[in-house]
Each structure stands twice: as C-alpha cells, then as structure tokens.
Amino acid sequence: AMDWLPNQEGVKWFLEKCWPAVHAQHPQLPLFLAGRGFPRELMEQEIPKVSFSGTVDDAQQYMSDKQIMIVPLHSGSGLRIKILQGLALGKTIISTSVGAEGIEVTDGKDILIADSTEAFQQKINYCLEDASRCSDIGKAGRKLIEEKYSNSVLSKKMNSFYQRLLS
C-alpha cells in the first residue's frame, strides 16, 4: 500500500539515493513499482527505466516475471506481508533490517539485508553478477516459508498454543 507513509518514504529514499547509482552502473535495468494509493507526485516523475504501475489486479501475477524484490523500509512496524508473499514466490528479497523485522530470515541465506545506499547498490550488483546465487537465495526464502510460515505449520503452532492454554 503506497498510501502508507513508511512505504512512500522508503520508495522516495530508494529513488533519490540508490537508483541513480544503480541506473548509472546498469542503464538497461528496469525498476517496476506498484502499490495501492501511489502518490501522484511520484507517479508523474520521469525517472529513467522506472515504471510506476499503481494498483495492480493480481500482485502474484505482477511479480511473476521479476526475480528481485526491493523493500527499502526505514520506519514502521508490523509484519511485512509482501515480503512473505515474495519469499513464498521464490523471489530474492533485498530489504532493510526494519523491513525484515518479525520475519525469521538470515542475511545472505534467504534474504539480502541492506541498510545503506551503498549496501543496496552492492546487493543489487551481487544479484545481477551472480544470477545463480540470486536464484538460490530466492529458493531458500521459499523453503523458509514452507518450513516456518505455511498454513499447516502455523495451524500446528496455534493448536499447540491453545492446547497449552486448556491444560
């Protein structure tokens, strides 16, 4: 939801601080941004190789042909459902520590953590330079979802919790 201030701040930060250097190094690399309530002032900007989609009918379909997903959050709280969704789809997630809060991920294994402009640039370069390793991180993220966040795993945890309450 791009009408949520932390998402707007993160995207603005990424576009202003990270994207110019990434684009300079990889001028053919596209960046696709989508989300409900995308601010008009962002969507009307003409930034090289950046496409603003606003609301999409099917997020899973929108993400299907993209391997890397960025989540440049610097504030906010709560579980990031889109990160979980991206992990479940086997996407390689590059996020800040704040963005990954509450999700049992490990930097370099099932997610890439970048808390500075330089780190974001390095992680993007890492993915572009080693597509196989980038894909492996996405696969590890998918495995994490299956092992810790699937409906069956969460149902068992809830059932166990309720059983302890009743004991």
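The values are calculated or read from the model by the stated rules, or taken from the named source; none is laboratory data. None of these values were measured; they are calculated from a predicted model. In this analysis, Cβ positions are derived from the backbone assuming ideal geometry, glycine residues included, and neighbour counts consider all displayed protein chains. These area figures cover heavy atoms from the full protein model, side chains too; ligands, DNA and RNA do not enter into them. Shrake-Rupley method; radii C 1.70, N 1.55, O 1.52, S 1.80 Å.
Could you check segment 5-26 and list, in sequence order, the residues that are of a type in the set (Gly, Ala, Ser) and over 14 Å from the mean Cα position of the chain (by Cα)? Steps first, answer last, please.
Residues of segment 5-26 of a type in the set (Gly, Ala, Ser): 10, 21, 24.
Within segment 5-26, Ala21, Ala24 qualify.
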**Study point:** helices (runs of 4 or more DSSP H) enclosed by segment 86-165 - at least 3 residues per element that are closer than 19 Å to Ala21 by Cβ
**Key:** 117-129
Point to revise | Unmet requirement for Thr92, which otherwise passes all of (1) touching a Phe, Trp or Tyr at 6+ places or on another chain (Cβ under 9 Å); (2) surrounded by 13 or more Cβ atoms within 10 Å (Cβ to Cβ); (3) within 24 Å of Ala140 (Cβ to Cβ) | key: (1)
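Which of the following residues is open to solvent by 20 Å² or more (accessible area, probe 1.4 Å), aliphatic (A, V, I, L, M) and within 13 Å of the chain's Cα centre (by Cα): Leu84, Leu73? So that I can check it myself, show each step before the final result.
On the way: Leu73 fails: open to solvent by 20 Å² or more (accessible area, probe 1.4 Å).
Among Leu84, Leu73, only Leu84 is open to solvent by 20 Å² or more (accessible area, probe 1.4 Å), aliphatic (A, V, I, L, M) and within 13 Å of the chain's Cα centre (by Cα).
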Point to revise | Spans of helices (runs of 4 or more DSSP H) in segment 5-80 with at least 3 residues in contact (Cβ under 8 Å) with a residue 12 or more places away in the chain | key: 5-13, 19-25, 59-63
**Study point:** Long-range neighbours under 9 Å by Cβ, at least six apart or interchain, first residue loosely packed, with under 11 Cβ neighbours inside 10 Å within segment 147-165, second not small (Gly, Ala, Ser)
**Key:** Glu147/Val153
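Only one of Gln61, Gln25, Gln45 is among the polar types (S, T, N, Q), closer than 21 Å to Gln121 by Cβ and open to solvent by 90 Å² or more (accessible area, probe 1.4 Å). Can you tell me which?
Numbers: Gln61 fails: closer than 21 Å to Gln121 by Cβ; Gln45 fails: open to solvent by 90 Å² or more (accessible area, probe 1.4 Å).
From the options Gln61, Gln25, Gln45, the qualifying one is Gln25.
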